[in-house]
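Trainee: Before anything else, here's the structure in question.
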Amino acid sequence: MILLKNAIVVTQDAERRVLPGYDVLIDHGRIADVARGLHPEGCEVIDVSGCIVAPGLINTHTHIAMTFLRGIADDMPLRKWLEEKIWPLEAKLTREDVYRFSKLGIAESLLSGVTCFVDMYFYPEEVAKAAEELGSRAVVCGPIVDFPTCYSKGPDHALRLAEDLIKMYSSSELIKPAVGPHAPYTCSKETLMASSKLAREHGVMLHIHLSETKDEVEEIKQKHNATPTGYLESIGFFEGNRVNAAHCVWLTEEDMDIIASREVYVSHNPVSNMKLASGIAPVSKLIKKGAHVTLGTDGPASNNILDMFQAMKMACLLQKLASGDPTALTAQQALDMATIEAAKSIGLGYELGSIEPGKQADIIVVDFEKPHLKPLYNPVSHLVYAARAGDVKMVLVRGELLVQDGKLTRADLRDVIREAEYAAKRIVGDVS
Ligand SMILES: [Zn+2]
């Protein structure tokens, strides 16, 4: 048992209560009690005075092993960036590389308060292995595209591998498998339908990139005489599935209505969208239409970090700037997108996303004894607009302390960094 003593608890419960001077009791990996003045016997007491206790942040879209491409090529047009830099380097990836680069990204994520992430990348079982070793939760997609990659020979092979992945992790506590057809422009109708069917049959999440750029919309319109969202709707892709659609930058009114009525979860990636100049997703409008929106960082090649604090702040600022309306997206809405809404999107709304008795103890402790966090009038405002990833002091997943005093407990960070750097040097050195 662990008792977090004297916290300011940002519960993210149905009433969005903030409870100053409260204790959080953790037992057998779950939140046992949230109350004042708890004194149970035989538990480890951790004084968290001056700290915020909040639900762990959930990053709903990333390619975490792309840490090896961080900063290798910036400030380029998307197509040129992909074709000349990213794809040739990715072609050299081995299974072991993905494991090492994932470990680096997961270390970065945990240290910045991310307790769960949704990943789409080659060798997803290696991403899962790295997550399990460091104790992080992850939703790993079997990645599906029509062309051969370093991981799969073609769509049929990719679908078979995705099914194997689902079976491998069907009863895992930390890892949730999912199906990840890359995008409407990289998957044929047959591939999209087979992916949709596979996810539906196994009751797992279906994850796809959707309407990220103007070019994508034009390409799909020419090929299928519909917007990407309209096209997916017309082929029955959403039918009977829990879908997480990343980006959704270029949407028509009809697209937004489809997304809302099909209860598609949109993963908004503001920093990546800005860096690649993709555009501004109509987040406020989607929320007004009743759609669910969550938050992601996208991969470290297009962000270039996995910082959900930055993502929350940027999401708010971007909507305000785009609309000329400072109320367009509030701090509370951004925090919801990174916690409770994200938990629902991965099918774990009853287990994660808020600090409530009975839920899994996926918790972050943020040190608010910092000059940039004083004075403190509104903890939610500070979490979104003022706190930094480096303010995260403690991270628990399933009640286990994975980060203590800003340090990983399950691995030596220096080893994680050294192994990733060594592998990156081999790949990048090969190319030039
Ligand atoms: Zn992406």
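The values are calculated or read from the model by the stated rules, or taken from the named source; none is laboratory data. Quantities reported herein were computed from a predicted structural model and do not represent experimental measurements. Heads up, the Cβs are rebuilt from the backbone with ideal geometry, glycines too, and the neighbour counts pull from every protein chain shown. Calculation scope for accessible area: heavy atoms of the full protein, side chains included, ligands and nucleic acids excluded. Shrake-Rupley method; radii C 1.70, N 1.55, O 1.52, S 1.80 Å.
Trainee: Suppose the chain between D74 and H39 were pulled fully straight at 0.36 nm per residue; how much longer would it get relative to their current alpha carbon spacing?
Mentor: Stretched fully, the D74-H39 segment lengthens by 7.3 nm.
Trainee: In this model, which of K85/K189; K5/K407; K176/K285 are farther than 23 Å apart at the alpha-carbon?
Mentor: K85/K189; K176/K285
Trainee: Specify which residue in the list V243, L376, A301 is farthest towards the positive end of the charge dipole of the chain, using unit charges on the beta carbon of Lys, Arg (+1) and Asp, Glu (-1), about the Cα centre.
Mentor: Among V243, L376, A301, the one farthest towards the positive end of the dipole of the chain is L376.
Trainee: Sticking with this one: Sorted by mean Cβ packing within 10 Å, highest first, what order do the peptides 55-62, 409-416, 386-393 take?
Mentor: The peptides rank, most packed first, as 55-62, 386-393, 409-416.
Trainee: FRET efficiency for M274 and E190, Cβ-Cβ distance as r, R0 = 25 Å, nearest 0.05?
Mentor: Given R0 = 25 Å and the Cβ-Cβ separation, E is 0.10.
Trainee: At 7 Å along the Cα-to-beta-carbon direction for both N225 and M168, put a label point, then send me their distance in nm to one decimal.
Mentor: 4.2
Trainee: Here is a follow-up. Quick check: convex hull over the Cα atoms of region 308-387, volume per residue in Å³, rounded to an integer?
Mentor: About 108 Å³ per residue, rounded to a whole number.
Trainee: Let me ask something else. Within the set of other residues whose C-beta is less than 15 Å from the C-beta of E239, count the net charge using Lys and Arg as +1 and Asp and Glu as -1.
Mentor: Around E239, the charge tally is +2.
Trainee: Right, another one. Subtracting the Cα-Cα distance from 0.36 nm times the residue separation, let me have the gained length for T327 to Y385 in nm, one decimal.
Mentor: Contour length minus the Cα-Cα distance gives 19.5 nm.
Trainee: A further question on this structure: Nearest-5 percent of antiparallel DSSP beta bridges in region 1-108?
Mentor: 65
Trainee: Suppose every Lys and Arg Cβ carries +1 and every Asp and Glu Cβ carries -1, with no other charges. What dipole size does region 259-384 come out with about its Cα centre, to the nearest 20 debye?
Mentor: The dipole of region 259-384 has a size of about 440 debye.
Trainee: Let me ask another. With charges only on Cβ, +1 for K and R and -1 for D and E, what is the dipole size of the chain about its Cα centre, in debye, rounded to 20?
Mentor: 400
Trainee: Okay, moving on. If you take every residue apart from L276 with its C-beta less than 11 Å away from the C-beta of L276, what net charge results, scoring Lys and Arg +1 and Asp and Glu -1?
Mentor: Summing Lys/Arg as +1 and Asp/Glu as -1 gives -2.
Trainee: Then there is this: Quick one: accessible area per residue over region 1-157, 1.4 Å probe, rounded to a whole number of Å²?
Mentor: Value for region 1-157: 36 Å² per residue.
Trainee: To check you understand DSSP bridge types, tell me what percent of the beta bridges within the chain (both residues inside) are antiparallel, rounded to 5.
Mentor: Around 45 percent antiparallel, to the nearest 5.
Trainee: Under a Cβ-Cβ cut-off of 14 Å, what is the net charge of the residues other than G154 that fall near it, where Lys and Arg count +1 and Asp and Glu count -1?
Mentor: In short, -1.
Trainee: So between K288 and R30, what do we pick up on full extension, going 0.36 nm a residue minus the alpha carbon distance?
Mentor: Taking K288 through R30 to full extension adds about 89.5 nm, to one decimal.
Trainee: Same structure again: Using a 10 Å cut-off on Cβ atoms, rank the peptides 99-106, 14-21, 325-332 from the highest mean neighbour count down.
Mentor: Those peptides, ordered most packed to least, come out 99-106, 325-332, 14-21.
Trainee: Evaluate the distance, in nm, between pseudo-label points positioned 7 Å from the Cα of R17 and of R95 along their respective Cα→Cβ axes.
Mentor: 5.0
Trainee: Check each of the trypsin sites (Lys or Arg not before Pro) in region 214-317 and keep only those in coil by DSSP with at most 16 other C-beta atoms within 10 angstrom; list them in order.
Mentor: Taking region 214-317 and a limit of 16 other Cβ atoms within 10 Å, the loop trypsin sites (Lys or Arg not before Pro) found are K289.
Trainee: Here's something else I'd like to know. How large is the helix-only mean residue ellipticity at 222 nm for the chain, computed as the sum of -39500 (n - 2.57) over DSSP H runs with n ≥ 4, divided by its residue count, in deg cm²/dmol to the nearest 500?
Mentor: That calculation yields -10500 deg cm²/dmol at 222 nm.
Trainee: Continuing with the same structure: Using the Karplus curve 6.51 cos²θ - 1.76 cosθ + 1.60 with θ = phi - 60°, what ³J(HN,Hα) values do you get for each residue of region 282-295, in whole Hz, with x for Gly and Pro?
Mentor: 3J(HN,Hα) across region 282-295, in whole Hz: x, 4, 4, 5, 4, 5, 4, 7, x, 7, 8, 10, 10, 10.
Trainee: Right, here's the next one. Given R₀ = 35 Å, FRET efficiency for D415-F147 by Cβ-Cβ distance, to 0.05?
Mentor: 0.50
Trainee: With θ set to phi - 60°, apply the Karplus curve 6.51 cos²θ - 1.76 cosθ + 1.60 along region 271-281 and write out the HN-Hα couplings as whole Hz, x wherever there is a Gly or Pro.
Mentor: 3J(HN,Hα) across region 271-281, in whole Hz: 5, 4, 4, 6, 5, 8, 6, 6, x, 10, 5.
Trainee: Debye sum, Cα scatterers, the chain, no solvent: what log₁₀ I/I(0) at q = 0.09, 0.10, 0.13 1/Å?
Mentor: Log10 of I(q)/I(0), two decimals: -0.53, -0.65, -1.13.
Trainee: If R₀ is 22 angstrom, what is the calculated FRET efficiency for the pair K214 and S261, using the beta carbon separation as r and rounding to 0.05?
Mentor: 0.35
Trainee: Can you list the residues, at least 5 places off or on another chain, whose amide H is less than 5 Å from the amide H of T294, using H built in the peptide plane?
Mentor: So T294 has HN proximity to V266, S267, H268.
Trainee: Ranked from highest to lowest mean number of other Cβ atoms within 10 Å per residue, what is the order of the peptides 293-306, 248-261?
Mentor: The packing order, highest mean first, is 293-306, 248-261.
Trainee: Once label points are set 7 Å from the Cα along Cα→Cβ at both N378 and E356, what is their separation, rounded to one decimal in nm?
Mentor: About 2.4 nm, to one decimal.
Trainee: I need the semi-axes of the equivalent ellipsoid of region 1-129: take the C-alpha gyration tensor, multiply each eigenvalue by 5, square-root it, list largest first in whole angstrom.
Mentor: Values for region 1-129, descending: 41, 16, 11 Å.
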